[in-house]
1. I'd like the residue in region B:151-186 that is in contact (Cβ under 8 Å) with a residue 24 or more places away in the chain and not in a helix (DSSP H, G or I) and, out of all such residues, is farthest from the other protein chains (Cβ to nearest Cβ).
2. If you take the residues of region A:78-128 that are part of a loop (DSSP other than H, G, I, E, B) and of a type outside the set (A, V, I, L, M, F, W, C), which of them is surrounded by the fewest Cβ atoms within 10 Å (Cβ to Cβ)?
3. Filter region C:223-233 for residues that are without any contact (Cβ under 8 Å) to a residue 60 or more places away in the chain and of a type outside the set (D, E, K, R) and give the result.
4. Out of C:Leu123, C:Leu164, C:Leu144, C:Leu168, which single residue is out of contact with any Phe, Trp or Tyr (no Cβ under 6 Å at 6 or more places or on another chain), under 24 Å from C:Asn91 (Cβ atoms) and crowded, with 22+ Cβ neighbours inside 10 Å?
5. Go over the candidates A:Leu85, A:Leu26, A:Leu38, A:Leu14 one by one and state the one that is aliphatic (A, V, I, L, M), out of contact with any Ser or Thr (no Cβ under 7 Å at 6 or more places or on another chain) and in contact (Cβ under 8 Å) with a residue 40 or more places away in the chain.
6. Can you tell me which residues in region B:30-42 are more than 10 Å from chain A (Cβ to nearest Cβ), free of Cβ contacts under 8 Å to residues at least 24 places away in the same chain and under 33 Å from the mean Cα position of the chain (by Cα)?
7. C:Phe93 passes all but one of (1) more than 13 Å from chain B (Cβ to nearest Cβ); (2) crowded, with 18+ Cβ neighbours inside 10 Å; (3) touching a strand residue (DSSP E or B) at 6+ places or on another chain (Cβ under 9 Å); which number fails?
8. Could you check, for region A:191-209, whether at least one of its residues is within 29 Å of A:Pro153 (Cβ to Cβ) and either modelled with pLDDT under 90 or surrounded by fewer than 20 Cβ atoms within 10 Å (Cβ to Cβ) (or both)?
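The values are calculated or read from the model by the stated rules, or taken from the named source; none is laboratory data. The shown structure was predicted, so the numbers you read here are calculated from the model rather than taken from an experiment. So basically every Cβ, Gly included, is an ideal-geometry build from the backbone, and we count neighbours across all protein chains shown.
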Amino acid sequence: MPNKGQSSSEGYGLLAPTLVVMGVALAAPLLLMVLTSLQAQSGPGFAAGWTLDQYGAVLGRASYRLLFLRSVAISAAVTLVTVALAYPMAYFVAFHAKHKFIWLVALTIPFWTSYLLRVFAWKIILGYGGVINSALMRLHLIDQPLGVLLYNPFAVVVTLAHAWAAFAILPIYVSLEKIDRSLLEAASDLGDGPLRRFLRITLPLSMPGVIGAAILIFVPTTGDYVTPALVGGTQGTMIANLIEVQFNSVGNWPLGAALSLVSMAIVAVIAGLFLASARAAAKAAR
Amino acid sequence: MKSKTLRLYAFAYLAFLYVPVLVLPVFSFNNSQFIAFPLSGFTTRWYGALAADSVLRHALSNSLTVGIVTALLSTMLGLAAARAVTRYRLRGAGAALGFISLPLFIPDIVLGLSLLMLLGAVGLPLSLAAVVLGHLLVCVPFALTVLIARFEGFDKNLEEASADLGEDGWMTFWRITFPLMLPGITASLLLTFITSFDEFLVAYFLSGTEATLPIYIWGQLRFPERLPMVLALGAIILAVSVALVIAAEYIRNLGVKKPMVGA
Amino acid sequence: MSFLSIANVSKSFSGPPVVNDVRLEVARGEFFALLGPSGCGKTTLLRMIAGFETPDSGTIAIDGEAMNAVPPNLRPTNMVFQSYAIFPHLNVFDNIAYGLRKLKLPKDQLRARVEAILATVRLDGLGGRAADQLSGGQRQRVALARALVRESKILLLDEPLGALDKRLREAMQVELRAIQRKVGITFLLVTHDQEEALSLSDRVAVMHQGRILQVADPRTLYERPSCREVAGFIGEMNFFHATLREIAGETATVNAGILGILTLPAVNLAPGMKIDDHILLAIRPEHVRFAASGVAGDVAASTFLGERSHFHVKVAGRSEPVFVSGSAPPAGAVHLEFTPEKLIGLPSDS
């Protein structure tokens, strides 16, 4: 810490460029979005004066409410599935794998290709003439291709659980890896069997990774556009698709802005409640 | 859990991760327009078609430009900011860090759209520069996380020892900080480049007439007859990415791999 | 004019002062120790001398030159860090040559200089060793060599032996002293280990809660501590409450309660004591003997230590035992005798 304390101006100088960029590219646009959401579209421009009409429309219309609900439900399902599937995987690498590094590389390689194409690959796999259907037909297990695989919330959940797997595996692995092995030995020494030891020591100590993973997956998937657009069909449409339509096709920017802000607020509130309850649970357990 | 069951599960999970990704190379060599089993023979014609596509080449060069500029800028910004929060006692450092990490908690579509509105409001054209600005939002939090971890991983005494041995701040940076940060810097450059190179939604709103590679791919997905070619492109991206990761790992091993603590 | 002069230096971070109005003079070529418990401000003081912290007030001067505005890289000091701070990406040779870059020495001269210092710290031939292949003792020597090779005016050592095991620590103490004699520069050592401070240094400053309590050579510090904190921090000490009754010529008489009336040399009293003052009578365990008569007590515990042993003797009317160091007493009740000339009078706590 050279010259710590005295030269805090030097520290602020180092922080300033990033703050300026973030101010220009994040704070200003978000402020503008708030202002826009308080106006009304009138032809190519905005009508004079301020109004809360957009928020009334966003919260009042049942189809919008359904879309919000579905987005949150799909995201919650994705989060749950992804974390639940990733936990044993991360546990295996942290505690049982011989070549940890090779496993970690092997687990991350699938994510080094285009997100669009990873999502699209599921369309190929689940589609009417796709991999699963053509394989099943070939094996004479079915006569007609299955139409239920694609264009529904299920397809969205599967695809997103695949696309975001790395974001669950890595944080959980890191928190498992950090656990002092002597704690586990102490638990065994004090009479815990493997299952009790897992429930009383390993799981609680790895919760920071689980919670981190959950937030890291829930927040962006709620606003995902590509996956519902490619594999969701009408039953799997999510809020981002509606927002995009307001901006690009309908041209109602104030409504699009209000939808964006409300969805951000919903995500923030849910993530906040989740964190708070996780913290409370951790406190109660202590 | 029994370790055998767990191992079985691990391989099943690995299959779940790999099968969709392997669809890309498998069908990119399949001699048929239709993406379905059975495979109908080996061909490299889809790769040939790729090479002949000038629109693709233009999109690729756009993506490389945006990716490289974004990676350099976000790593430089992240380096300065990470140094500020780990090496100085600053009032409000926590709040600043929270603000910089905010994009992690905002859907990409909102980031892209709000920037689109700002550019419209101040009368700036959509361009690759706008895409870079949008990508900085997404990439700086990543760079910062990687670099802060690295800064915290090495003994502050090392920089003090350098000053004690007669070097000023600038030489200390080049002789101590930079070499010790190199693995972190490499990781940050790689992570931010790949993130930017792969980013679709923000670029989709901000790029205007200059398509990046993901925008090009998005456009191709509507044409079934072009699918095998797109899959070939995906296979190439996968191969290059894997090569890049291995190269980065090699560079990392050239640097310091042992614990970076003085004691 | 002393060589290192610290005048009225204070420093606080957020809260009470960590270093409080410290005055200190260190001579050229001296081996000087700052001794105190952790958190007493000794490391902060050392870091201010090195230039890593700036005093809130006061001045630090080296060889007559004020240092307050001089950045660490331009100060005539070098430091051996507690963590050693060996650069992990450089080998032993490059670590030691690090601070010689500005001299722009020709290659062979640089090599000769590094090899000479490697020989001094007895690491001959290890120049090519990677930083992560060194043992704890070797790291310590590299850190020492790296600081010494610059031939600065003052070497600062921050708990340099703290990370080593007991045997290595004792061996390094002997060697550190020999190296200091050989290179002849001023060594300023920070330590919480009183044995280390006493055995290595020409003089020792005892620090407590940011203040310097006493500066003296090791013998004086041991035999004539200036206050209860110093006496208690260095070795074992028995304390008794007493009242000063009389000073007659060179002899003082005190009433020490259960110990009765005792006499001691008047010079053993802290300065400024008056008749009827409450004082603290202190005596080392080795100056208390088992005798045929004297204060009666029972041996409550004993620790066998070879030629000498330690005894806790319970005395009626006193909750703490009296510490005695000597040979084993006869069985049963014992009597204690105090060597009068080894009794010292310290200011009372209250």
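1. So, considering only residues that are in contact (Cβ under 8 Å) with a residue 24 or more places away in the chain and not in a helix (DSSP H, G or I), the one farthest from the other protein chains (Cβ to nearest Cβ) is B:Phe154.
2. So, considering only residues that are part of a loop (DSSP other than H, G, I, E, B) and of a type outside the set (A, V, I, L, M, F, W, C), the one surrounded by the fewest Cβ atoms within 10 Å (Cβ to Cβ) is A:Lys98.
3. Those that are without any contact (Cβ under 8 Å) to a residue 60 or more places away in the chain and of a type outside the set (D, E, K, R): C:Val230, C:Gly232.
4. Of C:Leu123, C:Leu164, C:Leu144, C:Leu168, the one residue that is out of contact with any Phe, Trp or Tyr (no Cβ under 6 Å at 6 or more places or on another chain), under 24 Å from C:Asn91 (Cβ atoms) and crowded, with 22+ Cβ neighbours inside 10 Å is C:Leu144.
5. A:Leu85
6. Passing the criteria: B:Asn31, B:Phe42.
7. Unmet for C:Phe93, out of (1) more than 13 Å from chain B (Cβ to nearest Cβ); (2) crowded, with 18+ Cβ neighbours inside 10 Å; (3) touching a strand residue (DSSP E or B) at 6+ places or on another chain (Cβ under 9 Å): (3).
8. Yes, some residue in region A:191-209 is within 29 Å of A:Pro153 (Cβ to Cβ) and either modelled with pLDDT under 90 or surrounded by fewer than 20 Cβ atoms within 10 Å (Cβ to Cβ) (or both).
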